[in-house]
Amino acid sequence: MKIRLFSCAVVFLFSGCASMRSIPEPDVATGYALSEIETEKGCALTSMRVISKIDYVDGVNGKRVVGQDLVFSARPPLDMRITISAFDKAVSTLVSDGAGFALIDVGQNVFVAGEATPENISQILPVYLSAADLFRVIYGDFPRDGLAADAFESQMFAWDPEKGGYRRTLGLADGRSMHVIYEWPSKAIKQIAVLSGEKVQYAYEASGFEAVTGASGLVCTYPREILFSLPDQKTDVRLRIEKRDMDVEFSEAVFQLIPPAGSQIVIMQ
């Protein structure tokens, strides 16, 4: 694996060179920091329930939501369920195993199923990530579906003095690049940006980090607020997390959906 140092030009994409010395680099070896970050990514791969409020503006579909309830239930390797409610009544529910998905739109009485692509998953939550990548991000990892074949061999990793964290740059299969910023020493991901040239096309930002201890005794760092942004599409999704339960014992029925009686069934490719 090659660990390359960042040039001034790369840092400038986010911060400009003038303020490069703002936060000093920790007194640890760069290779050690990367090794610790790689170890951390499997910290909390246990069942989880996240209860939050959601606000979003979906510029693609012309929708706006403020203060609805969202419950995200997840179980490794990739099982998840998302339920969005308003006034204590479910508006829509989605389940996925990472490859396929099923969705019930209560108001339209429509049952939709198909491949768990970013476009299909965004019918319930307009973050434009595949089900597998959404699962990864909620668990503190970064999107991986679009990585180039040699992304890890050619990655760049170095301290970013402007952001006050370690920056990891990975190539994507479509020629764009993904920049991941890790807090130190918590090793939590606080920013992700996908760039085409110098233009940010997709961004993730986390804040309000807290330590969460599971029943197994593992202590992991998770954010209390998450913001997804797609500037070109005028889409922003904010999750305000109120509670995160670890090591939840889910029944199999949680990750299954059955079409309601009389519902319209749509199969998406």
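No lab work stands behind these numbers, since they all come straight from the coordinates. Source: prediction; values computed, not measured. Neighbour counts are summed over all protein chains in view; Cβ atoms, including those assigned to glycine, are modelled from backbone coordinates with ideal geometry.
The stretch 110-203: which GluC sites (Glu not before Pro) are DSSP loop and have at most 13 other beta-carbon atoms within 10 angstrom?
Values: sites: 115, 119, 153, 162, 183, 198; in loops: 153, 162, 183, 198.
Passing sites in the stretch 110-203 are 153, 198.
Compute the angle between helix 30-40 and the longest alpha-carbon principal axis of the chain, please, reported from 0 to 90 degrees and rounded to the nearest 10. That works out to roughly 20 degrees. When the chain is treated as a GNM with alpha-carbon contacts under 10 Å, the residue of 254, 57, 127 showing the greatest mean-square fluctuation is 254. With Cα atoms defining each centre, the stretch 208-247 and the stretch 106-148 are spaced 16 Å apart in the structure. In order along the stretch 95-102, the phi-based Karplus estimate (6.51 cos²θ - 1.76 cosθ + 1.60, θ = phi - 60°) of 3J(HN,Hα) comes to 10, 7, 10, x, 9, x, 9, 9 Hz; Gly and Pro are listed as x. Under a 5 Å amide H cut-off, with hydrogens placed 1.01 Å from N, residue 235 pairs with 59, 230 among residues at least 5 apart or on other chains. Modelled label positions at residue 88 and residue 66, each set 7 Å beyond Cα in the direction of Cβ, lie 2.3 nm from each other. At full extension, residue 150 and residue 27 could sit 41.3 nm farther apart than now, given 0.36 nm per residue minus the alpha carbon distance.
Rounded to whole numbers, the Karplus 3J(HN,Hα) couplings from phi for the stretch 227-237 are 10, 9, 9, 10, x, 5, 9, 6, 10, 9, 10 Hz, using 6.51 cos²θ - 1.76 cosθ + 1.60 with θ = phi - 60°, and x at Gly and Pro.
Qualifying trypsin sites (Lys or Arg not before Pro) in the stretch 183-257, where qualification requires a DSSP coil assignment and no more than 12 other C-beta atoms within 10 Å, comprise 234.
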